[in-house]
Structure formats: structure tokens, C-alpha cells
Amino acid sequence: MLFDHCAQCQRCCNIDPGFPSLEVTLTARERKVHGSICIETRCELLGDAGCTLGSAKPLSCEIYPLAYDPQQRSFFYDQDCPLMPEYQRQLAQPGSEAHLHLARITQAVRAHEKTDPAFLRNNFAVDSDYFDLQPLATASIAKEGTP
């Protein structure tokens, strides 16, 4: 399974020495539940098998290794994520784990464009500042109602 690698790698949930802490961007709903989540060195919600929040994982973490630019309506990826070569290869395969992940994230992004656009703007600002982003080929979102 594609994302099984994440539980072993855990690179995105750890901050290398000398790098600034990472304030996880939360949706309005997530802020009510978690308040804030800041990764100083290792995410406090990280267990041996990955995130202890399971399906309640923050959307910004769920989106990773992707980043969404709401202005361009396109996806980028963190080129430092070792999962990305396989993720990109799988995108061409309908039904693959990467294809399903992108579809799920696209649906979540569309919903947040209507309900919490500030989250999308803030999350992309953090991602742009923190990660080495590269455009994800053929992954942009058409405005709702257009193909």
C-alpha cells in the first residue's frame, strides 16, 4: 500500500534540528477541537504506526504530500517527500491509492472553497514557506460546474 510507507518514514511529522517549528494549519472546525498543533521537533500526535488521530487527522496533514494553491486552483507537491515518485506514477492508474487520495482531497478542497477559504489560503502560505513545492502535473481543479 502506498501510504503504508508514511508510518515508517514519518519525515513530514518530524522537524530537523535547526529548522523552525511548523504550526499545522487547521480548519475552523479543527481549531475548535484541537486548538492548535505545533511541531517543534516531533509531532506529539505521532505514534509508532503513524498519526494517532486516524480519520480525525487535520486536513492539512491529510493533503500532504500535496499542497493546494487556491489562487491558481492547482496542486503542488513537496519534492522532499520520498513517496512522490510512486504517487505520481500511480496518478495515471484509475483506482490506485494515489488516484483515490487526489480525488478525496479535491472533494475536500472544493468543499472548503465554499465553507473555509481562509484555511486554504493560510495552508498554502505555510506550505509555500515551509516545503520545496513543485507543480503536480495535470492536477488542477476546474470551477464547479465545468469539466
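Descriptive notes on the structure:
- Some residue of the range 77-85 being more than 14 Å from the chain's Cα centre (by Cα) and surrounded by fewer than 19 Cβ atoms within 10 Å (Cβ to Cβ): yes
- Selection count, the range 72-105, where residues are within 16 Å of ASN123 (Cβ to Cβ), of a type outside the set (Lys, Arg) and in contact with a Ser or Thr (Cβ under 9 Å, 6 or more places away or on another chain): 4
- Residue count for the range 62-92, restricted to those that are at positive phi and among the acidic types (Asp, Glu): 0.
- Residue in the range 85-103 that is aliphatic (A, V, I, L, M), touching a Cys at 6+ places or on another chain (Cβ under 7 Å) and touching a residue at least 24 places away in the same chain (Cβ under 8 Å) present: no
- Only listed residue being of a type in the set (D, E, K, R) and surrounded by 12 or more Cβ atoms within 10 Å (Cβ to Cβ), chosen from ASP48, ASP129, ASP69: ASP69
- Within the range 4-21, the set of residues being outside any helix (DSSP H, G or I) and surrounded by fewer than 14 Cβ atoms within 10 Å (Cβ to Cβ) comprises ASP16, PRO17, GLY18, PHE19, PRO20, SER21.
- Output for the range 87-126, where each listed residue is over 14 Å from THR27 (Cβ atoms), of a type in the set (S, T, N, Q) and surrounded by 12 or more Cβ atoms within 10 Å (Cβ to Cβ): GLN88, GLN90, SER96, THR106
- Helices (runs of 4 or more DSSP H) lying entirely in the range 53-125 (those with 1 or more residues that are over 25 Å from HIS5 (Cβ atoms) and modelled with pLDDT of 95 or more): 97-115
- Scanning the range 65-91 for residues that are touching an Asp or Glu at 6+ places or on another chain (Cβ under 7 Å) and of a type in the set (Phe, Trp, Tyr) turns up just one, PHE76.
The values are calculated or read from the model by the stated rules, or taken from the named source; none is laboratory data. None of the values given here were measured: they were computed from a predicted structure. Using ideal geometry, Cβ is built from the backbone for each residue, glycine included, and neighbour counts are taken over all protein chains shown.
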